[in-house]
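*Asks:* Just passing along the structure, written as structure tokens.
The values are calculated or read from the model by the stated rules, or taken from the named source; none is laboratory data. Remember, predicted model here, so these are calculated numbers, not experimental data. Note that we place each Cβ from the backbone using ideal geometry, even for glycine, and neighbour counts take in every protein chain shown. Accessible surface is based on the protein model in full, side chains and every heavy atom, while ligands, DNA and RNA are left aside. Shrake-Rupley method; radii C 1.70, N 1.55, O 1.52, S 1.80 Å.
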Amino acid sequence: MKRVIFAGLFHETHTFVHGTTQLSDFSVVRGQDLFRCAGDSSPMGGAIEAAAGLGWEIVPAIDMRAQPSGVVSRDAFESFWRCFEEVATSVEESLAGVFLVLHGAMVAEGIDDVEGEFLSRIRGLRGFGSLPVFGVFDLHANFTRRMAIHSNCLVAYRENPHSDARESAVRAVHLMERAMRNGCVLRTSWVHPPIVWPPTGTGTAADPMAGLLRLAREIEERHAEIWCVNVVAGFSFADVPNAGVSFTTCYDENYGGGAAEAALAALSRVAWDTRHAGNAVERAAAVVVSEALKAAVDGLTVIAEPSDNIGGGAPGDGTGLLRVFLDLGVENAAVAINDPGAVAELVRLAEACGEPTLRRGVRCVLQIGGRCSAPDAGPVEMEVELLSVSDGVFELVDKKSHLASLAGDRVEMGPCAVVRCKGVTILLTSRATPPMDLGQWLSQGIDPSKFSFIGVKAAVAHRGAYAPIAQRMLWVDTPGPCSSRLSRFAFQKLRRPIFPLDPMEVPAWCERHPFV
Ligand SMILES: [Zn+2]
């Protein structure tokens, strides 16, 4: 029986937002409790189910995950490592390998490349030097040479929104099974062309990602010795040397070296040729919303506000789009804002009034949002009507939604309140909840498809949930920490020069290659 140790470490770290992500911000699952997610929509759930199906004996170590946020405390990472090390070194009989569920863009205090550090520590454990290390990771990883050297085959998601997180984990398990069964040793080669794209440019439905993924599949088809080609879009809000676009190929060490290197060059060339399409920036919210009001459509207009992208680490309390809705007198509009303080006030009010009074309508003056990000104009004071309060728990409507890769099936928004001000319905949450599943609104007794405008704090990941109910989707620029205009960020560690931050000549490696 193949004994494989399983662990998960998942955090997308936004190094420009304030505050440190502490151990208490993570959901931590240890040992046998890992099996509880077997079969659910998360990548760990998929990997465990697939491995069990292949008859592996799973040694569960630890799974630690948190929503995207600021730099992770050193303590949180060391605590993770201690647990992993303890389990890894206590396994008495020999292990056949290591399987990991990673994000790939985690930064901790003093460690710019957490995954590289983790992988190199694994290699340093007695008996782990040549064990196969396989796993799955998010395509928003900032991949590094260290990650490539110390792993055998890490498999990236291929969809953004991440509808295939679970499926990718299953694919990685099957590749590992094939390698172990045939006694193949895989190696990973890696390249980081000088390109960084904002998240808005990394959707896989359009170029540059669509073209790159097509080429990756072609390469896999033509070269049997290359087991896996990964297109890694990168995560731009991390001031680390290797933030940005990269590619990896995982190949059989006996055959694939040359072809793997050539594939990386070909992918880099296509990325360079299509770099401008990936640098997707938005126009000011007031301009876009005014135009949308003039050119009204029958049905829902979804307005994405990438600068306050919760899935990218923003606090989700930005007031930019809310202000525009109120200023322009937009009717039948909605937006969700994370503001635990405002919710607590409303819950107290609801308790003081009692149910019958609530039903008749209660009004109060509230300060909403604008507390957590420096570029924001600050809280908006408004008189609101309180419509409802709830515990904020919901089951995913779409079990393949992007949110499943972060949270599994069940999402907790914390205590919630719904209020209305003029024509705008506002869902106030106590935990920043990425707008990736309609259950967020439906659980509050609200059908989001009935609005004329709905603001979502996302870049790309809302598409899966909202495209089916939207007549049109627009993107706007507001002040916030996940702005698509990368020149607004003071990068210090990022490798330079890099597109689009620096004026650049066509790089020397950018020659036509027979792959293309
Ligand atoms: Zn991602």
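*Asks:* Out of the residues in segment 314-331 that are out of contact with any Gly (no Cβ under 8 Å at 6 or more places or on another chain) and not β-branched (Val, Ile, Thr), state the one that is nearest to the ligand (Cβ to nearest atom). Can you show your working first?
*Replies:* Going residue by residue through segment 314-331, those that are out of contact with any Gly (no Cβ under 8 Å at 6 or more places or on another chain) are 315-316, 323-324, 326-328.
The next check asks that each one be not β-branched (Val, Ile, Thr); those that pass are 315-316, 323, 326-328.
Details: Pro315: 18, Gly316: 16, Arg323: 29, Leu326: 32, Asp327: 33, Leu328: 32 Å.
That would be Gly316.
*Asks:* Looking only at segment 97-114, decide whether some residue is within 16 Å of the ligand (Cβ to nearest atom), on the phi > 0 side of the Ramachandran plot, modelled with pLDDT of 95 or more and in contact with a Leu (Cβ under 9 Å, 6 or more places away or on another chain).
*Replies:* Yes, there is a match, as at least one residue in segment 97-114 is within 16 Å of the ligand (Cβ to nearest atom), on the phi > 0 side of the Ramachandran plot, modelled with pLDDT of 95 or more and in contact with a Leu (Cβ under 9 Å, 6 or more places away or on another chain).
*Asks:* Does any residue of segment 40-62 turn out to be assigned to a strand (DSSP E or B), crowded, with 17+ Cβ neighbours inside 10 Å and under 19 Å from the mean Cα position of the chain (by Cα)? Outline the logic, then answer.
*Replies:* Step one: filter segment 40-62 for residues assigned to a strand (DSSP E or B), giving 57-62.
Of the ones still in play, those that are also crowded, with 17+ Cβ neighbours inside 10 Å are 58-62.
Next, only the ones that are under 19 Å from the mean Cα position of the chain (by Cα) stay: none.
So far as segment 40-62 goes, no, none of its residues is assigned to a strand (DSSP E or B), crowded, with 17+ Cβ neighbours inside 10 Å and under 19 Å from the mean Cα position of the chain (by Cα).
*Asks:* Scanning for something more than 15 Å from Ile368 (Cβ to Cβ), open to solvent by less than 40 Å² (accessible area, probe 1.4 Å) and in contact (Cβ under 8 Å) with a residue 40 or more places away in the chain, does segment 316-329 turn up at least one residue?
*Replies:* No, segment 316-329 contains no residue that is more than 15 Å from Ile368 (Cβ to Cβ), open to solvent by less than 40 Å² (accessible area, probe 1.4 Å) and in contact (Cβ under 8 Å) with a residue 40 or more places away in the chain.
*Asks:* I'm checking my understanding of the structure. Among residues of segment 225-253 that are over 23 Å from Arg269 (Cβ atoms) and assigned to a loop (DSSP other than H, G, I, E, B), which one is farthest from the ligand (Cβ to nearest atom)?
*Replies:* Applying the filter and picking the extreme gives Glu253.
*Asks:* If Val17 meets every condition in (1) surrounded by fewer than 21 Cβ atoms within 10 Å (Cβ to Cβ); (2) out of contact with any helix residue (DSSP H, G or I) (no Cβ under 8 Å at 6 or more places or on another chain) apart from one, which number is that one?
*Replies:* So Val17 meets the others, but not (1).
*Asks:* Picking from Ala243, Ala280, Ala216, which residue would you name as being surrounded by fewer than 21 Cβ atoms within 10 Å (Cβ to Cβ), under 26 Å from His103 (Cα atoms) and within 26 Å of the chain's Cα centre (by Cα)?
*Replies:* Criteria check complete, one pass: Ala280.
*Asks:* Specify which of the listed residues (Ile368, Ile337) is touching a Pro at 6+ places or on another chain (Cβ under 8 Å) and open to solvent by less than 50 Å² (accessible area, probe 1.4 Å).
*Replies:* None of the other options fit; the residue is Ile368.
*Asks:* Counting only residues that are of a type in the set (A, V, I, L, M) and surrounded by fewer than 14 Cβ atoms within 10 Å (Cβ to Cβ), how many does segment 371-392 have? Steps first, please.
*Replies:* Taking segment 371-392 first, the residues of a type in the set (A, V, I, L, M) are 374, 377, 380, 382, 384, 386-387, 389.
From what is left, the residues that are surrounded by fewer than 14 Cβ atoms within 10 Å (Cβ to Cβ) are 374, 377.
The qualifying residues number 2.
*Asks:* Let me ask another. Failed condition for Gly311, given (1) open to solvent by 10 Å² or more (accessible area, probe 1.4 Å); (2) within 21 Å of Leu428 (Cα to Cα); (3) touching a Gly at 6+ places or on another chain (Cβ under 9 Å), with all others met?
*Replies:* So Gly311 meets the others, but not (3).
*Asks:* Keeping to segment 153-177, report how many residues are out of contact with any strand residue (DSSP E or B) (no Cβ under 8 Å at 6 or more places or on another chain), away from the ligand (no atom under 16 Å from the Cβ) and of a type outside the set (A, V, I, L, M, F, W, C).
*Replies:* Number of matching residues: 2.
*Asks:* Are there any pairs with C-beta distances below 8 angstrom linking a residue in segment 136-150 that is farther than 14 Å from Ile111 by Cα and modelled with pLDDT of 95 or more to a residue that is away from the ligand (no atom under 12 Å from the Cβ) and among the charged types (D, E, K, R), with the two at least 6 apart or on different chains, and if so which?
*Replies:* Partner pairs satisfying both residue conditions: Val136/Arg171; Phe137/Glu115; Ala141/Glu115; His150/Arg123.
*Asks:* Check whether at least one residue in segment 346-361 is farther than 23 Å from Asp447 by Cβ, in contact (Cβ under 8 Å) with a residue 60 or more places away in the chain and either touching a strand residue (DSSP E or B) at 6+ places or on another chain (Cβ under 6 Å) or hydrophobic (A, V, I, L, M, F, W, C) (or both), and report yes or no.
*Replies:* yes
*Asks:* Just need a number here: residues in segment 427-471 that are under 28 Å from Ala280 (Cα atoms) and among the polar types (S, T, N, Q).
*Replies:* 5
*Asks:* Would you check which residues across segment 129-146 are more than 18 Å from Ala238 (Cβ to Cβ) and either away from the ligand (no atom under 16 Å from the Cβ) or part of a helix (DSSP H, G or I) (or both) and list them?
*Replies:* Narrowing segment 129-146 to residues more than 18 Å from Ala238 (Cβ to Cβ): 129-136.
Scanning segment 129-146 gives Gly129, Ser130, Leu131, Pro132, Val133, Phe134.
*Asks:* Only one of Glu253, Glu261 is in contact with a Lys or Arg (Cβ under 6 Å, 6 or more places away or on another chain) and among the acidic types (Asp, Glu); which?
*Replies:* Result of the check over Glu253, Glu261: Glu253.
*Asks:* Is it true that Arg126 is open to solvent by 10 Å² or more (accessible area, probe 1.4 Å), in a loop (DSSP other than H, G, I, E, B) and more than 17 Å from Phe237 (Cβ to Cβ)?
*Replies:* It is true that Arg126 is open to solvent by 10 Å² or more (accessible area, probe 1.4 Å), in a loop (DSSP other than H, G, I, E, B) and more than 17 Å from Phe237 (Cβ to Cβ).
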